[in-house]
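Before any comments, here is the structure.
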Amino acid sequence: MKKLLFLSLFFIQVTSFSQEANQLLERVVAKITSVKDYSVDASIKTDIPFIKILPVKAKIYFKQKDKFKIVSKGIVILPKQGFTDVNTFLSKTNSYMAVDGGTKMIGELKTSLITVIPTSENSEFVLAKLWIDPKNAVIISSQITTRSSGTVNVDYFYSSELAFGLPSELIFEIDIKKFKMPKSVAADINNYKPKDKSKKKNENKKGIITIKLSNYIINKGINDAIFEKK
């Protein structure tokens, strides 16, 4: 009898945690879907071992549900996993299940950890861990694992567009051996040979990409022609 009571209480508690996780994620998704389109200026700085890539300026365009384009004269490495793809994925609420993972302090902010697990075996996403600010319903940090690009860690910072859940800065940490790079950059990485072979195992194989975003224009309409390939 006691065992049955314990199992019942455990089930109720787990169900409650699951409901709370889904409710919080619903608030995050509501902000995401409130943004029908936007354009924004981007300043992108890339720090990848062995490769020198100059900082670049770019213009980014987005339109629901999954139209995305970046315009720049330089080489741009932009991990869409933590930028637009994860938002599109989260918007499809029937394609995953959310699991409450407790709380974690990030700086002075108490965040809620939600683990998102795809329900389809064919999903590009394998697993997503999201640390969410429960007050503002925005993602503060994420760890996204995909089939094609390995694991990408992202830190999000917000300013004037917090109400829309749009960040002012993103810092990505990528695994350069798994992440999809532009062909020219990938060739340079693959051809790199350290002068001191004894240090090869200790080489930093992580890359950092910092994106600063400014001058958002939100929900003003964007012509579909912008996204056509030229």
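Here, each number is a calculation from the coordinates, and none is a lab measurement. The shown structure was predicted, so the numbers you read here are calculated from the model rather than taken from an experiment. Neighbour counts run over all protein chains shown; Cβ positions are idealised from the backbone, glycine included.
Numbers for the structure displayed
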quantity	calculated
Within region 26-59: backbone nitrogen closer than 18 Å to the V71 label point (7 Å, Cα to C-beta)	37-44, 56-59
Contour excess over end-to-end distance, with Cα ends at L54 and S159 and 0.36 nm allotted per residue	35.2 nm
Rough spin-label spacing in nm, given labels placed 7 Å along Cα→Cβ, for V99 and N122	2.5
For peptides 20-33, 109-122, sequence by mean Cβ density within 10 Å, most packed first	20-33, 109-122
Model label zone, D41; criterion: amide N under 18 Å from point 7 Å along Cα-to-beta-carbon; scope region 145-167	159-161, 167
